[in-house]
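The values are calculated or read from the model by the stated rules, or taken from the named source; none is laboratory data. On a predicted model such as this, the values are computed, not experimentally measured, just so you know. Positions of Cβ are generated from backbone atoms using ideal geometry, with glycine treated the same way; all protein chains shown enter the neighbour counts.
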Ligand code: GDP
Ligand code: MG
């Protein structure tokens, strides 16, 4: 028996986005002396530039802290619905969850969704109302909301401020007292019987020297540096190049034990061989009784977009980059495809449009890739005139209308949580969408849950932003896919200077074709740089022009605002663009800066 386990506590912080998870983690890091005071900075664990600039957590982050005689393994999580796969993986590595609710916002959609996930894992929940220092905090009201939700007494909920540190230590005290230690390690009888190391991979990243670094929860046994190991699902056999803990940087150890969260550098250079959910064990023929751990449900991407390198020579870099990014973001999928106008690229599936945007931004920043990105689209289903069902992932694959017998699109059940005061504004937005109202539930007498059924297509672009705009940030939402339903759909195409730009093509409900077509050409007029000649922008359905705009000759130079930040990177990108431009000029077409694709998808 391993007595060490008694002093280990593994827990996550879960909450709706912006309720203060990463800031609370900062206080933990300080109080436990894990990070030196002079190195501390806000949201310390959000180490990606992209996370810091946008102020959102994209990745789960493990960190091991010493607190009194205890070892605390904390995993910070993202709060946005598009990154919920990160949360679900983090939950499998721990026994407890600190559930935060912002005292000025109260319960929001991901509070409910993440609490639900934590309950399914049977985690011990430690509830806390956070940001009680805010002048607009409604601490008592929020306490009551949370008490009702959890069906407990208000006294059972901590009142804290991750900013000022008030009562933060009490959170750690409760973690120590209430979260159970990880279950006992293997007994000597177990080991005799052929049981051995089992470690669950819950995340990973690529390192040029150490190969794929697997983030693991060690479930049974222990693992030492240089030990021969096997990945049970992929079958890969390798030596553990290095093992260690997160402090929160990699901290090398001689070995890591059952019950702990740590990492194993596998030395494997082929990213596809190391998958999240796989079980690492020892490669030892005498250890016959090792069953793989349950692993994870695969994420189910429902929003697809095609990515093409602007410079066709970059195809291999893109391929390699996608494989590497998949290690740290297993919720997207990619498959090679070829389109006449764009060359070789990848059709990628995402959990939502923010996810698509973040991934393309990471490809640009981390790999210097300039990409052409097609309009994000949901997965449609058609029946062709031979009664065969076909899933359509990209507008480019939409057949001629005469081959289509019927078409269907995915529908969601949508939950919107709002304070009563904003019901009017939110209803105005929903009125224009194709959804069906189902019911209203009262969370409290001032806060509602509105339930709708809604085509996924209506909510993937900008819907959340508009909701927040109409409610001073108070409205929040969550959705799940429920079914495919019949819908009359058409392919909307965009011509720029008479030339079809397939990346802008989009499948739309027939009744919305005009509105969407108009919005796209208007947006293009706004963001596309002028040429030496005037450029016609046309939206077309079934060969007919349904909307049209013109950009006058040479109007303005937009490159200035395209890329802020890092100068050398910017120059590198501009040089690459120049190369691209030359090519396009030679072909006699209009140059479309890659940022324009993103601008068009983001907002109409
Ligand atoms: P996360 O998305 O849950 O990780 O939230 P963050 O920790 O990134 O915090 C979101 C915002 O809330 C940031 O601007 C923080 O400075 C702020 N914040 C977090 N905790 C507190 C708090 O206790 N009091 C106040 N006043 N602001 C806070
Ligand atoms: Mg965060």
Unique match (being over 18 Å from residue 293 (Cα atoms), modelled with pLDDT of 95 or more and more than 24 Å from the chain's Cα centre (by Cα)) among 171, 212: 171
Only one residue in 386, 431 is loosely packed, with under 13 Cβ neighbours inside 10 Å, free of Cβ contacts under 8 Å to residues at least 60 places away in the same chain and more than 22 Å from residue 456 (Cβ to Cβ). Which one? 386
Looking at 165, 156 in this structure, which one is at pLDDT 95 or above, within 10 Å of ligand 1 (Cβ to nearest atom) and either under 27 Å from residue 64 (Cβ atoms) or over 25 Å from the mean Cα position of the chain (by Cα) (or both)? 165
Of everything in the stretch 4-13, what is buried (at least 24 other Cβ atoms within 10 Å of the Cβ) and more than 9 Å from ligand 1 (Cβ to nearest atom)? Give them in sequence order. 9, 10, 11, 12
Residue check: is residue 421 surrounded by fewer than 22 Cβ atoms within 10 Å (Cβ to Cβ) and either modelled with pLDDT of 95 or more or farther than 30 Å from residue 145 by Cα (or both)? no
Restricting attention to the stretch 148-168, and to residues there that are assigned to a loop (DSSP other than H, G, I, E, B) and closer than 23 Å to residue 443 by Cα, which single residue is nearest to ligand 2 (Cβ to nearest atom)? 160
Does any residue of the stretch 496-503 turn out to be touching a residue at least 12 places away in the same chain (Cβ under 8 Å) and closer than 19 Å to residue 408 by Cα? no
Within the stretch 2-51, of all residues that are within 10 Å of ligand 2 (Cβ to nearest atom) and part of a loop (DSSP other than H, G, I, E, B), the one farthest from residue 174 (Cα to Cα) is 46
Taking the stretch 394-409 and keeping residues in a loop (DSSP other than H, G, I, E, B) and farther than 12 Å from residue 383 by Cα leaves 394, 400
For residue 520, only one of the following conditions fails: (1) surrounded by fewer than 20 Cβ atoms within 10 Å (Cβ to Cβ); (2) within 19 Å of residue 461 (Cα to Cα); (3) under 31 Å from the mean Cα position of the chain (by Cα); (4) in contact (Cβ under 8 Å) with a residue 24 or more places away in the chain. What is its number? (1)
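Of all residues in the stretch 174-204, which are outside any helix (DSSP H, G or I), surrounded by fewer than 20 Cβ atoms within 10 Å (Cβ to Cβ) and modelled with pLDDT under 95?
Correct list: 183, 184, 187, 193, 194, 195.
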Conditions (1) more than 16 Å from ligand 2 (Cβ to nearest atom); (2) surrounded by 22 or more Cβ atoms within 10 Å (Cβ to Cβ); (3) assigned to a strand (DSSP E or B): number failed by residue 101: (1)
Which ranges mark the strands (runs of 3 or more DSSP E) fully within the stretch 205-253 that have 3 or more residues being closer than 24 Å to residue 76 by Cβ and in contact with a strand residue (DSSP E or B) (Cβ under 8 Å, 6 or more places away or on another chain)? 211-220, 242-246, 250-253
Pick from the stretch 31-46 the residues that are away from ligand 1 (no atom under 13 Å from the Cβ) and surrounded by fewer than 18 Cβ atoms within 10 Å (Cβ to Cβ): which of them is modelled with the lowest pLDDT? 37
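Looking only at the stretch 83-94, decide whether some residue is assigned to a strand (DSSP E or B), more than 16 Å from ligand 2 (Cβ to nearest atom) and touching a helix residue (DSSP H, G or I) at 6+ places or on another chain (Cβ under 9 Å).
In the first step, residues of the stretch 83-94 are kept if they are assigned to a strand (DSSP E or B); the result is none.
Taking every residue of the stretch 83-94 in turn, none turns out to be assigned to a strand (DSSP E or B), more than 16 Å from ligand 2 (Cβ to nearest atom) and touching a helix residue (DSSP H, G or I) at 6+ places or on another chain (Cβ under 9 Å).
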Note: among 136, 120, just one is within 25 Å of the chain's Cα centre (by Cα), away from ligand 2 (no atom under 16 Å from the Cβ) and surrounded by fewer than 18 Cβ atoms within 10 Å (Cβ to Cβ), namely 120
Checking the structure you have, find out if any residue of the stretch 74-81 is assigned to a strand (DSSP E or B), in contact with a strand residue (DSSP E or B) (Cβ under 9 Å, 6 or more places away or on another chain) and more than 12 Å from ligand 2 (Cβ to nearest atom). yes
Per-region count, the stretch 467-494, residues over 22 Å from residue 304 (Cα atoms) and either without any contact (Cβ under 8 Å) to a residue 40 or more places away in the chain or assigned to a strand (DSSP E or B) (or both): 3
Limited to the stretch 54-72, what total is found for residues that are near ligand 2 (Cβ under 10 Å from one of its atoms), outside any loop (DSSP other than H, G, I, E, B) and farther than 13 Å from residue 203 by Cβ? 0
Just to be sure, is residue 319 farther than 25 Å from residue 466 by Cα and not in a strand (DSSP E or B)? yes
Which members of the stretch 15-30 meet the condition of being near ligand 1 (Cβ under 6 Å from one of its atoms) and touching a helix residue (DSSP H, G or I) at 6+ places or on another chain (Cβ under 6 Å)? 15
Check residue 79 against each of (1) over 20 Å from residue 332 (Cα atoms); (2) in contact with a helix residue (DSSP H, G or I) (Cβ under 7 Å, 6 or more places away or on another chain); (3) surrounded by 22 or more Cβ atoms within 10 Å (Cβ to Cβ) and name the one condition it does not meet. (1)
